[in-house]
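Values in this text are rule-based calculations from the coordinates and carry no lab data. These numbers come from a predicted model, not from an experiment. For neighbour counting, all protein chains shown are included, and Cβ atoms are generated from backbone atoms with ideal geometry for every residue, glycine included.
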Amino acid sequence: MNGLLVEEIYIEQLDSFSILGKEDKAFLLKKALYGLKQALRASYERMDNHLIQLGFSKSQSEITLYMKIADSETLIVSIYVDDMLVTGTNIELTQKFKGEMEKIFEMTDLGVRVMK
């Protein structure tokens, strides 16, 4: 996930990706790059804002745990670094949520896991 940056961050051009005639120029980042110390925070804030907008409530005791209860159906989302665990009482609700998230975020769905 690439979060949007709040502050201005510039990076030097890499030798293999420099623009001819402008090698002394730097790039202004618009999104956080993987490995950038601000990347995780920016990604989390973007995800947090989107989940709140979708009607999720944040856990009081675990800041990366979200829950949405509607019409006696429950959807639970847990975020860990750049992974998200999604579970719920209704598979259609879970699939709809994944579709909503894929509209905003680049995601890979690892599918349904059933615990025995």
Counting other beta carbons within 10 Å of each residue's own, what order do THR87, THR108 fall into, fewest first? THR108, THR87
At R0 = 25 Å the Cβ-Cβ FRET efficiency linking GLU62 and ILE104, nearest 0.05, sits at 0.65
From Cα pairs below 8 angstrom and at least 6 apart in sequence, can you work out the relative contact order of region 10-104, rounded to a whole percent? 13 percent
Assuming a viscosity of 0.890 mPa s and a temperature of 25 °C, what translational diffusion coefficient in µm² per second does Stokes-Einstein assign to region 10-104, Rh being the Kirkwood radius over Cα pairs? 155 µm²/s
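Residues with beta-carbon under 12 Å from that of THR108, excluding THR108: net charge, scoring Lys, Arg +1 and Asp, Glu -1?
Values: positive: LYS98; negative: ASP82, ASP83, GLU102, GLU106, ASP109.
Taking every Cβ under 12 Å from that of THR108, the sum is -4.
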